[in-house]
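Accompanying notes for the structure given below.
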Amino acid sequence: MSFAHRSRRAWHGRGVPGTVTGGAARHATRLRPIRLIGEPGGLGPYPVTGERRPADRRLMPRRARIAVSIGIAVTLAAFVIAGRAPKMVAAPALPSRAIDGSGVSLASLRGHPVLVNFFASWCLPCQQEAPALARFASSPAGQGHLVGVDTGDTSVKDANQFVARYGWGFSVLDDANSTTANAYGVGGLPTTYVVDADGRIVQKLLGPQTEASLTAALRAA
């Protein structure tokens, strides 16, 4: 199954985070909300934890509560680790064609860190993140340090309308067949990779980001 199909499937029907259907709806009030990585309150495909609330805490033995706590801590640590790419990994090549006809390559960006943001016009969390990307790209810290990669969009027209709607002023490359997304190992949208001055991936940001989180990631590179 291609990345585009997996991503679309994640946002519709039963795959949408928070959707409760069938018999599970009768027990929805017994579930704690799922907290997501990214902007507070934002949507995203990366749930951190969502455990079932015990009917009565007193009925759970102390050792069992400790075991549950340890399990949650391990799960949280795993997600944090999963959000960071290994050091010294060369970033794959970017698409050669931009949605507006121009182009950019990582080689031309060599010498300073850059953020590579994967998105799609049909992705709701990407729409949520878009204003923050526009503000970051126009800020002194972000100018010339952000590249967008439109992946999984079958229509360049949709991508151009998305860019115009949110006033993006940075380069946006066309990855309609998701070749570049697959090369980077993108598992959900939006995903942002931090590439250092030597063209190596040093961090992977999952889900919608804020202007502050993007600035912090760039400075850390």
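Rule-based calculations on the coordinates, nothing more; no lab input. Keep in mind the model is a prediction, meaning the values are calculated, not measured. Because the Cβ atoms are built from the backbone with ideal geometry, glycine has one as well, and the counts that use them run over all protein chains shown.
See the values below:
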{"quantity": "For segment 144-157, Karplus couplings with θ = phi - 60° (6.51, -1.76, 1.60), whole Hz, Gly/Pro x", "calculated": "x, 10, 9, 10, x, 10, 7, 10, x, 7, 8, 10, 5, 4"}
{"quantity": "Alpha-carbon centroids, segment 93-124 and segment 154-184: separation in whole Å", "calculated": "9 Å"}
{"quantity": "Protection proxy ranking of 193-206, 130-143 - average other beta-carbon atoms within 10 Å, highest first", "calculated": "193-206, 130-143"}
{"quantity": "In Hz, Karplus ³J(HN,Hα) per residue of segment 95-112 (6.51, -1.76, 1.60; θ = phi - 60°; x = Gly, Pro)", "calculated": "x, 8, 10, 8, 5, 9, x, 7, x, 8, 10, 5, 4, 6, 9, 4, x, 8"}
{"quantity": "Amide H contacts of residue 178 (H built 1.01 Å from N, under 5 Å, at least 5 apart or other chain)", "calculated": "152"}
{"quantity": "Note, ³J(HN,Hα) from phi for segment 182-194, Karplus 6.51, -1.76, 1.60, rounded to Hz, x at Gly and Pro", "calculated": "5, 5, 7, x, 5, x, x, 10, x, 9, 10, 9, 9"}
{"quantity": "Distance between modelled label sites at residue 197 and residue 216, nm, 7 Å Cα→Cβ extension", "calculated": "2.3 nm"}
{"quantity": "Cut-off under 5 Å, modelled amide H: who pairs with residue 91 long-range", "calculated": "200, 201"}
{"quantity": "Highest average packing first - 102-109, 157-164, Cβ atoms within 10 Å", "calculated": "157-164, 102-109"}
{"quantity": "Orientation-averaged projected area, Cα convex hull of segment 121-221 (nm²)", "calculated": "5.9 nm²"}
